[in-house]
Amino acid sequence: MSTLATKHPETKHSAMPLRGHVRAIAVLGLPLIGGHVAQFAIGLTDTVMLGWYGVDELAAVTLGSSYFFSIFLLGSGFAFAVMPMVAAAAGAGEERQIRRSTRMGLWLSLAYGVAAMPLLWWSEAILLALGQEAKVAHDAAEYLRIAGWSLFPALLYMVAKSYLAALERTQIVLWLSVFAAVINALVNYALIFGNWGAPELGITGAAIASLVTNGVSFVLVLAYALKVLPQHELLKNFHRPDWEMLGKVLRMGTPIGLTTLAEASLFAASAMMMGWLGTVPLAAHGIAISLGGLTFMVHLGLSNAATIRAGNAFGRGDREHLARGGKAVTVMSLAVSAVAIALFLTIPDPLMSLFLDAEDPQKDAILLIGGGLLAAAALFQLMDGMQAVALGLLRGVQDTGVPMVIAALSYWAVGIPASYVFGFLLGWEGLGVWMGLVAGLTCAGLFLMLRFWRRSIKAVGAAA
């Protein structure tokens, strides 16, 4: 048996206690959480520094980032597919499958980037057609014409991260992400404000910083993978297609990408609706969504850990181990939600003030709107964590088709219509838009959890 399989003490079907699962998930998940937080810090830095630079620029990058990430997250489905496939192959001791799935994940990510670039290059017309203000749409498009090219390195970086994380090399994922966040902050500080002799480029400077950061990140993670894991020969004969494995990654990655897009489109639609209400509500939305997104990075790290450990259990056909691990990661997610809810409800103004210039004349208006939005964010913390963890577990057992349908119905049939009804037909404005987010996430969290515990977990072990 491969050393990849024998390195896990649970490989011999030992009954690990619940506290053992919590410890193992923490060891695996904490670096992943740190990596996600550091990666999120790249966008957060753009939001903070552009908030200092001007409210108009903050509104534009909020809109542009929502648009970019909707496209990015659809393409990231191939990277997310690589993680459970590599984890299952590692659990079964099949090293050749590790190489094959990772390579085809890279192939599909490149192909997707080529197909998606026109949507980023000609984004202004699309944003105007979606009812955005002309100035905000123009500035967002200027940002996307530069930052859009970072789609290629960002997607490839995601595949490489998934490959390394599935092999439990999470420390390097953390440190590379931290390094990328530092690089982004330095380039942002130089180019947005014109510091250190650099030109003052404002929103264009933020776009250049994102492109540089993603490019450097991919080069470094690829160099690490090639040096430390030469046995997988990721780039040897890279030009040769592996049609069988490409089909497998495509069939798993497409539902994952669409599931992720369904959730992202809910948040992107909320940004569009907030844009209809004006620049100040959109700026408040950008800050509140950044704070909510920061806590979500913790849930996402736990979700990734769940995928990896569930994938290993799935590869071995160990249902008992899978069930205990699922319970442990769910409890950990609930604990994180409790902390976030407490912070959002007790100190909303200090949290939001971190993103604003103290002398900005619109600061009080943004804080007034943002306080209500953070209260709504507190409401959806619990279910946002639940749907993330459920998706991680489901991907670990390679169940992606039905979860895609659940996500699409929850976000598109419930969340987006509810946001419009509450925000505009009932006249609740920004708070109503966010209550639609609560409705969509609650629906997804409940039904995805039911899917895993009532159906998916029962197929593990019996099939093996």
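The values are calculated or read from the model by the stated rules, or taken from the named source; none is laboratory data. What you see is a predicted model; the values in this text were computed from it and never measured. All Cβ positions, even for glycine, are placed from backbone atoms using ideal geometry, and neighbour counts span all protein chains on display. Keep in mind that these areas ignore ligands, DNA and RNA; they rest on the heavy atoms of the full protein, side chains included. Shrake-Rupley method; radii C 1.70, N 1.55, O 1.52, S 1.80 Å.
Quick notes on this structure:
- Residue 356 vs. criteria of a type in the set (A, V, I, L, M, F, W, C), modelled with pLDDT under 90, outside any helix (DSSP H, G or I) and open to solvent by less than 40 Å² (accessible area, probe 1.4 Å): yes
- Search result, residues across segment 416-456 that are open to solvent by less than 10 Å² (accessible area, probe 1.4 Å) and either hydrophobic (A, V, I, L, M, F, W, C) or within 22 Å of the chain's Cα centre (by Cα) (or both): 419, 433, 434, 436, 437, 440, 441, 444, 445, 448, 452
- Long-range neighbours under 6 Å by Cβ, at least six apart or interchain, first residue over 20 Å from residue 414 (Cβ atoms) within segment 260-285, second part of a helix (DSSP H, G or I) and open to solvent by 20 Å² or more (accessible area, probe 1.4 Å): 277/429; 280/365; 281/369; 284/369
- Condition check for residue 178: part of a helix (DSSP H, G or I), surrounded by fewer than 17 Cβ atoms within 10 Å (Cβ to Cβ) and either free of Cβ contacts under 8 Å to residues at least 12 places away in the same chain or under 22 Å from the mean Cα position of the chain (by Cα) (or both): yes
- Scanning segment 403-434 for residues that are touching a residue at least 24 places away in the same chain (Cβ under 8 Å) and either over 15 Å from residue 263 (Cα atoms) or not in a helix (DSSP H, G or I) (or both) turns up 420, 423, 424, 429, 430, 431.
- Only one of the numbered conditions (1) at pLDDT below 90; (2) open to solvent by 10 Å² or more (accessible area, probe 1.4 Å) is violated by residue 190, and that is (1).
- Considering the conditions (1) in contact with a Pro (Cβ under 7 Å, 6 or more places away or on another chain); (2) within 21 Å of residue 22 (Cβ to Cβ), residue 369 is excluded by exactly one of them, (2).
- Of the candidates 156, 130, the single residue that is modelled with pLDDT under 90, within 27 Å of residue 205 (Cβ to Cβ) and surrounded by fewer than 24 Cβ atoms within 10 Å (Cβ to Cβ) is 130.
- Selection of segment 182-220 for residues being of a type in the set (S, T, N, Q) and either without any contact (Cβ under 8 Å) to a residue 40 or more places away in the chain or in contact with a Phe, Trp or Tyr (Cβ under 9 Å, 6 or more places away or on another chain) (or both) yields 195, 204, 210, 214, 217.
- Filter result (touching a Gly at 6+ places or on another chain (Cβ under 8 Å) and surrounded by fewer than 23 Cβ atoms within 10 Å (Cβ to Cβ)) within segment 401-415: 414
- Restricting attention to segment 264-277, the residues that are open to solvent by 10 Å² or more (accessible area, probe 1.4 Å), of a type in the set (Gly, Ala, Ser) and modelled with pLDDT of 85 or more add up to 1.
- Near pairs, Cβ below 7 angstrom, 6+ apart or cross-chain, from segment 98-126 (in contact (Cβ under 8 Å) with a residue 40 or more places away in the chain) to any residue that is outside any helix (DSSP H, G or I) and among the hydrophobic types (A, V, I, L, M, F, W, C): 99/234; 102/234; 103/234; 103/238
- Near pairs, Cβ below 7 angstrom, 6+ apart or cross-chain, from segment 223-244 (in contact (Cβ under 8 Å) with a residue 40 or more places away in the chain) to any residue that is hydrophobic (A, V, I, L, M, F, W, C) and part of a loop (DSSP other than H, G, I, E, B): 225/234
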